[in-house]
1. Assess whether Ser68 counts as being modelled with pLDDT of 90 or more, under 24 Å from Asn103 (Cα atoms) and hydroxyl-bearing (Ser, Thr, Tyr).
2. Thr11 - would you say it is exposed (fewer than 10 other Cβ atoms within 10 Å of the Cβ) and of a type outside the set (Lys, Arg)?
3. Residue under question is Ala35, and the condition is that it be of a type in the set (A, V, I, L, M, F, W, C) and either surrounded by 13 or more Cβ atoms within 10 Å (Cβ to Cβ) or under 29 Å from Leu99 (Cβ atoms) (or both); does it hold?
4. Spot the failing condition for Leu45; the list is (1) out of contact with any Asp or Glu (no Cβ under 6 Å at 6 or more places or on another chain); (2) within 21 Å of Leu99 (Cβ to Cβ); (3) at pLDDT 95 or above, and only one is missed.
5. Could you figure out which of (1) at pLDDT 90 or above; (2) surrounded by 13 or more Cβ atoms within 10 Å (Cβ to Cβ); (3) touching a helix residue (DSSP H, G or I) at 6+ places or on another chain (Cβ under 8 Å) isn't true of Tyr22?
6. Those residues that are of a type in the set (A, V, I, L, M, F, W, C) and either in contact with a Lys or Arg (Cβ under 7 Å, 6 or more places away or on another chain) or surrounded by 14 or more Cβ atoms within 10 Å (Cβ to Cβ) (or both), I need them from region 70-99; list them, please.
Amino acid sequence: MKATKKRTPTTDAIEIIHRRHYEGHPQRMAALAEAEANDTIARKLCALRKRAGLTQQQLAKLVGTTTSVISRLEDADYHGHSLAMLERIANALNKRVELRFVNVNRKPKVA
């Protein structure tokens, strides 16, 4: 008989939601990982812009795009980030884009 490892009970709401709705559902886990990546990009872009002391309109002008494009890129729900646009923004802010490949079997961070 195979021994099963019993999970530790939790009162952490995020962990409960993860266990009930994501654990054991590969498609949901993939969607969660994608949402996490989009959120990370949006937050980093916003933080970089603010650290540079720029408004969305000012950054848009430096990049050669519109304010609405910058606004969309800083929205966590947006999932159309292109490497070319990220490089244009990085260049305008005197930064560079670095890309990492990570193991897909890692468990996504639970907020």
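The values are calculated or read from the model by the stated rules, or taken from the named source; none is laboratory data. Quick caveat: nothing in here was measured; it's all calculated off a predicted structure. Please note: Cβ atoms are built from the backbone with ideal geometry, for glycine as well, and neighbour counts cover all protein chains shown.
1. no
2. Here the answer is yes, as Thr11 does meet what is asked.
3. Values: of a type in the set (A, V, I, L, M, F, W, C): yes; either surrounded by 13 or more Cβ atoms within 10 Å (Cβ to Cβ) or under 29 Å from Leu99 (Cβ atoms) (or both): yes.
In short, yes.
4. So Leu45 meets the others, but not (1).
5. (1)
6. Our first condition is that a residue be of a type in the set (A, V, I, L, M, F, W, C); within region 70-99, this holds for 70, 73, 76, 83-86, 89-90, 92-93, 97, 99.
Once the filter is applied, which keeps residues that are of a type in the set (A, V, I, L, M, F, W, C) and either in contact with a Lys or Arg (Cβ under 7 Å, 6 or more places away or on another chain) or surrounded by 14 or more Cβ atoms within 10 Å (Cβ to Cβ) (or both), region 70-99 yields Ile70, Leu73, Ala76, Met85, Leu86, Ile89, Ala90, Ala92, Leu93.
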